[in-house]
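A short reminder: the numbers here are calculations on the coordinates, not readings from a lab. This one's a predicted model, so the numbers in the text were calculated from it and none came from an experiment. With ideal geometry, Cβ positions are generated from the backbone for all residues, glycine too; neighbour counts draw on all protein chains shown.
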Amino acid sequence: MSQEAEDILRELRSSLLFAPDFPKRVSCSIAEWELLTEGERRALDQASLEAAQRARTEYRRWEEDVRTLGKARYTPAIPLLAQLWRDCALKPVRASVGHALLAMDDQASYDALESLIEDREPISVHLGIRAVFRRNPLAAFDRFAPLFGEQDITAVTIGHETLSLFVPSMVLADGTPCWIESEAPSWFKQDLRWLALCAGLCRDERLGDPARMALRHADPGSALRALEAARAKRPPPTPPTTCAIGDLVARYRAGDHLGTWREARAFSAIAGDLRAEIAALAGETMLRTARNVTLISERLQRAGWQSLGPMRTLPEPADEARIAAIEQMTGARLPPSLDAFWRVVGGVNWVWDCDQGAGPVVADLPLAGIDTDALSIEPCCTIESLCFEVWEEQKDVLHPDLIGPFRLELAPDRLHKMQVSGGPPYAIELPFPGADPLFRQEDHALPFVDYLRDCFAWAGFPHLKHHTDHAAARRFVDILGRGLEPF
C-alpha cells in the first residue's frame, strides 16, 4: 500500500490542482464574511466556480485518491493535504482532503484542521472542532468554554457546531440514534462540565436548540440534576412592563416609523396598557402594509402573474377563534406585530407557480426565472392545530427546560419558493412576550416588521437586492414599487 500511496501522492503533486494558474481559495474568516456585501461574497466564490469549470472531468479521481491516502493513514501526505486544505478552491476535493486529514489521526493533521476552525466555510469549522476532540477530548471543554460567554458571530458559530457534535446526526428505523462521531456520547459523559453547560444554555436564544437536544440524549438522571442545578441559579424572570408610553401611535402617524418600533422592541415583555398601545401601533402599521399588498397584487395580476395561491387572503371572522386557540396552546398572547398582520392584512403569496411555465416578463425582468424570495406569509386560516401536537405532547414527557419554543412556520424558504430542495421554513418562535419577534431562518433574521419593510423596499421581492447590477431589476422595483406607503 505504501508504494500505491506514494504514487498517488506524486500524481497529485503533478496534477492541475497545483498548476500555477489554477484558481486558489481565498481565505476568509467567519467575522470577515459577516461584514461583506453580497457582491463581495460572490467575488470570493468566483474561484470555486472557475475551479469547478476547469476540473469538471478530473475532480472525482482526485477525490478518490485523497480518500485512499486518508484510509491508509499515509502521513507523508499530510503537508500536501494541509496545503490543499488551505488553498484548494475545488469544494468536493477540499471536503475529501479535510476528512482525509481527520482520518490520519496525527498531530500534524489535527494542526492543519484546527488552524482553519474560524474559517467561513462550515466544513472548516466542523472538522476543526472534531480535530480538537480527537486530539484530546478531556481538554476540549477548556478549549471551547470561553466561547460560550461571548456573543460575536465567530463564538456563536463555533459554539453551536460544538454542541451539535453531541446531538445524533440520524436515527435509524428502529429508533437507534447515531452520532457523526461515534465517541461523542462518551466525550459528553466523561466531562460533566458539558452537561452543566448545556443545562445552563437551554433557554439561550442562539444555542438553546443543540443544548436541549444534547441533554435529551444524555443519562436522564444526570441531565435532571444538571437542569435543576441550572434552574436554581437562574435569576427570576423580569416582570412585563405595563405602563404605556403614551405617544407611540401619534409619533408613528407623524412619520416616526422606525423610532416607534425601535422603542416598542426595547421591552422584553409587555402587558397591560403598554401592550394595548403597541397593539394599536401594530394596527396602524398593518393598515399601511395591507394597502401596499393590495397595490402590488393588482399590478402583478395585470402583468399576468400566477402565484402558488391567492395573492392576498383577506382576514375572516373565524380568525378570532383561531388566534385564541393558538394563544391557549402556547400559553401566551400572540406578539402584536403578527396578531395585527393576521387581523388586518390576512395573508400574502407572490411566489410564482412553476407549473405555469417561465412566467411573464415584468418591466423587462423575467421574474419567475431568478431567485427573488418573493413575499409569502401564511394567513391564520391555514395554521392547523395539528401542527402543535408534537410540541404539546413533549410537555407530558420532558423537563420544561428541554422543551424549546414552538416554531410557527409562516413561509417556505427562498429555495423551496423556486421549487427546489432548500432549508427550513421561515418562522416565528412562540411564545414571545415582546412586541415584534424575529422572522427566523430568513437570511437576515430581522424582526417581523423590519422583514416586511425589507420586502417592500424591493417591491415584494427582496432578493432583487442581489441583482441591482441589472438595469431591469432596478426598473422593476421602481415600477412595481411606485407609490407604496412607508410604514
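Numbers for the structure displayed
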read-out: Distance (nanometres) between label positions extended 7 Å along Cα→Cβ at Cys387 and Ala103; value: 4.3
read-out: Stretchable slack from Thr75 to Glu409, in nm (0.36 nm times residue separation minus alpha-carbon distance); value: 115.4 nm
read-out: Pairs of lysines in the chain (C-alpha under 23 Å apart; 8 or more residues apart or interchain); value: 5
read-out: Global form of region 247-334, assessed from the alpha-carbon gyration tensor, a/c cut-off 1.5; value: oblate
read-out: Relative frequency of Cα-Cα separations exceeding 15 Å in region 323-365, percent; value: 63
read-out: Neighbourhood charge, 14 Å Cβ-Cβ cut-off, centred on Ala230 and excluding it, Lys, Arg +1 and Asp, Glu -1; value: +4
read-out: Expected 222 nm ellipticity per residue - DSSP helices of 4 or more, -39500 (n - 2.57), all of the chain, to 500; value: -15000 deg cm²/dmol
read-out: Where only C-alpha atoms are counted, convex hull volume of region 24-142 per residue in Å³; value: 89
read-out: Spin-label pair Leu192/Thr468, simplified geometry with 7 Å Cα→Cβ offset, distance in nm; value: 5.6
read-out: Calculated FRET value between Arg225 and Asp111, using beta carbons and R₀ = 35 Å, to 0.05; value: 0.40
read-out: Globularity ratio of region 226-296, using Cα Rg and 2.2 N^0.38 Å; value: 1.53
read-out: Region 344-397 versus region 1-68: alpha-carbon centroid distance in Å; value: 38
read-out: Separation in nanometres of the label points that stand 7 Å from Cα toward Cβ, at Arg253 and Gln46; value: 5.3
read-out: Cα convex hull volume per residue for region 116-174 (Å³); value: 100
read-out: Simple Cβ-charge dipole of region 286-437, Lys/Arg +1 and Asp/Glu -1, about Cα centre, in debye nearest 20; value: 660
read-out: For the chain, size of Cβ-based charge dipole, Lys and Arg +1, Asp and Glu -1, in debye; value: 360
read-out: Axial C-alpha extent at least 18 Å, average Kyte-Doolittle at least 0.0 - helices from the chain (DSSP); value: 91-104, 122-135
read-out: The chain: translational diffusion in µm²/s, Stokes-Einstein, Kirkwood Rh over Cα pairs, 10 °C, 1.306 mPa s; value: 62
